[in-house]
Amino acid sequence: MSDRILVTRSSMPALEEYVEEIAPLWESHWLTNMGVEHKKLEMALKERLGVGNLALFTNGHNALECILEAMALPMGGEVITTPFTFASTTHAIARKGLTPVFADVTPGNLTLDPESVERMVTPRTCAIVPVHVYGNLCDVDAIQQIADRHGLKVIYDAAHAFGVERRMPDGSWRSAASFGDASMFSFHATKVFNTIEGGCVCFKDETLYPLLNQWKNFGITGPEDVEYVGGNAKMNEFCAAMGVCNLRHLDEEIKKRCAVAKRYWEWLEGVPGVTVFRPGEDVRCNYAYLPVLFDPEVFGATRDDVFAALDAVGVGARKYFYPLVSDYACYRSVYSSDRTPVAKKAASQVLTLPVYADLALVDVDRICDAVLSTGKID
Ligand code: T4K
């Protein structure tokens, strides 16, 4: 392998297509503050995700902070969430003056374990923030039942789940955006669908739309009125235009990712000590990440051995998500990862292998070869 292969590579439209999309901006000189491209992308995303309410943001993190604020949760209230995630999920909760409470994940797909969530509910609990980690859908039905029983809001961190759909009992398909009270998606450059930087939130309560738009624009409610202490989290026209272009190619991108993922699974599924996560029949996957667990006792090599072996042959795998958020310097004096043993074990064994639309299958073969030669399998 001559060029280094990284864990992902941003999808981009043809340069000509993007130039055509942004050319009118040279006429209008309208570059941000909810312009034409912003409106166009919001409409297209609502249609794609099958939702009535959607607001764009500069990034997924700001979208999550904003929707948490919009839910008017009580200051200091407990929010049950997962430690097996990117820093953003927990930071958003903490930065909004709420108290993150970590429940454990299920070994089946590393999303929040509903039984563990239920055990963490106290009179101070006000919300659940589950994560569809890697695009693996949470047990949305069980989580909703818990929320309904205890009167809790459910705000999904769906940063990884754009394009993921689930088959409903009547045979119809529903996007990940349709569960809970709200779902945040990230459109960062590393995501299946990107706007360079960007994100959105989809939500059930339509009265939140003006509020979210005001909060992402300094709390301005009129030419001479500022009613809220808002921030600035508006997506600009160049990012929105990137999204408009990328959305046109999304299905093709996911199809190519699917071929890459299937090749990995052909190699790795069934290998003793190796766990891969295939989606169930009732899920349309987006193949956002390719997580693999290595059990050193059985595989004969640790996750770190595999990471080093891949690095040596020019492959930049990543340890998403190690360490657990509860082990970060900013949280570990308050939390113990021993309380979430399934998440702790997964974090010690997980490696996410490269996946992106244009990754050549021959490179997948070489990566898998390097992975398997690290283990002590006969
Ligand atoms: N919730 C969850 C569960 C999340 O995973 C994230 C973000 C969020 C919330 C917050 O959403 P945003 O506010 O970001 O919209 C990356 C991303 O920056 C971050 O968006 C993502 N999760 C996280 C899992 O991964 P890093 O620090 O690992 O990225 P970096 O710069 O090391 O890039 C990873 C690889 O991606 C590179 O090796 C090559 C490729 N790459 C990177 C960039 C920046 C590209 O191909 N193009 C690029 O422009 O955090």
Return the total of residues in the range 80-109 being touching a helix residue (DSSP H, G or I) at 6+ places or on another chain (Cβ under 6 Å), open to solvent by less than 10 Å² (accessible area, probe 1.4 Å) and more than 30 Å from residue 275 (Cα to Cα). 1
Might you let me know whether the range 288-300 holds any residue that is more than 19 Å from residue 374 (Cα to Cα) and surrounded by fewer than 17 Cβ atoms within 10 Å (Cβ to Cβ)? no
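Quick check on this structure: which one of 199, 230 is small (Gly, Ala, Ser) and within 16 Å of the ligand (Cβ to nearest atom)? Working first, answer last.
Numbers: 230 fails: within 16 Å of the ligand (Cβ to nearest atom).
Every option except 199 fails the conditions.
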Taking the range 140-190 and the residues there that are more than 21 Å from residue 90 (Cβ to Cβ) and in a strand (DSSP E or B), the one that is least open to solvent (accessible area, probe 1.4 Å) would be 175
Any chance the range 344-352 includes a residue that's in contact (Cβ under 8 Å) with a residue 40 or more places away in the chain, within 28 Å of residue 256 (Cα to Cα) and not aliphatic (A, V, I, L, M)? yes
Restricting attention to the range 326-370, which residues are surrounded by fewer than 21 Cβ atoms within 10 Å (Cβ to Cβ), under 23 Å from residue 252 (Cβ atoms) and over 22 Å from the mean Cα position of the chain (by Cα)? 360, 361, 362, 363, 365
The range 68-88 - residue that is more than 13 Å from residue 130 (Cα to Cα) and in contact with a Cys (Cβ under 9 Å, 6 or more places away or on another chain) and, of those, nearest to the ligand (Cβ to nearest atom): 87
Members of the range 162-194 that are within 27 Å of residue 5 (Cβ to Cβ) and more than 9 Å from the ligand (Cβ to nearest atom): 162, 163, 164, 192, 193
Would you tally the residues in the range 68-87 being farther than 17 Å from residue 147 by Cβ and acidic (Asp, Glu)? 1
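Could you say whether any residue in the range 88-96 is within 25 Å of residue 333 (Cα to Cα) and assigned to a loop (DSSP other than H, G, I, E, B)?
Looking only at the range 88-96, we keep the residues that are within 25 Å of residue 333 (Cα to Cα), and these are 88-96.
Okay, now just the ones that are also assigned to a loop (DSSP other than H, G, I, E, B), so 96.
Within the range 88-96, one or more residues are within 25 Å of residue 333 (Cα to Cα) and assigned to a loop (DSSP other than H, G, I, E, B).
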Would you check which residues across the range 17-66 are part of a loop (DSSP other than H, G, I, E, B), within 16 Å of the ligand (Cβ to nearest atom) and touching a strand residue (DSSP E or B) at 6+ places or on another chain (Cβ under 6 Å) and list them? 59
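Which residue out of 100, 74, 123 is touching a residue at least 12 places away in the same chain (Cβ under 8 Å), part of a loop (DSSP other than H, G, I, E, B) and not hydrophobic (A, V, I, L, M, F, W, C)? Reasoning before the result, please.
Details: 100 fails: part of a loop (DSSP other than H, G, I, E, B); 123 fails: touching a residue at least 12 places away in the same chain (Cβ under 8 Å).
On inspection, the qualifying residue turns out to be 74.
Only one residue in 45, 112 is under 30 Å from residue 229 (Cα atoms) and surrounded by 22 or more Cβ atoms within 10 Å (Cβ to Cβ). Which one? Outline the logic, then answer.
Details: 112 fails: under 30 Å from residue 229 (Cα atoms).
Just one listed residue meets the conditions, 45.
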Give me a count of the residues in the range 193-213 that are assigned to a loop (DSSP other than H, G, I, E, B) and open to solvent by 10 Å² or more (accessible area, probe 1.4 Å). 6
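Could you tell me whether the range 119-127 includes any residue that is of a type in the set (Val, Ile, Thr), open to solvent by less than 40 Å² (accessible area, probe 1.4 Å) and closer than 28 Å to residue 287 by Cβ?
Here is the first cut: in the range 119-127, the residues of a type in the set (Val, Ile, Thr) are 121-122, 125.
Add one more test, that the residue is open to solvent by less than 40 Å² (accessible area, probe 1.4 Å), and what stays is 121, 125.
Then drop every residue that is not closer than 28 Å to residue 287 by Cβ, which leaves none.
Scanning the range 119-127, I find no residue that is of a type in the set (Val, Ile, Thr), open to solvent by less than 40 Å² (accessible area, probe 1.4 Å) and closer than 28 Å to residue 287 by Cβ, so the answer is no.
The values are calculated or read from the model by the stated rules, or taken from the named source; none is laboratory data. These numbers were taken from a predicted model, which means no experiment stands behind them. Heads up, the Cβs are rebuilt from the backbone with ideal geometry, glycines too, and the neighbour counts pull from every protein chain shown. Quick note on the areas: whole protein, heavy atoms, side chains included, nothing else; ligands and nucleic acids left out. Shrake-Rupley method; radii C 1.70, N 1.55, O 1.52, S 1.80 Å.
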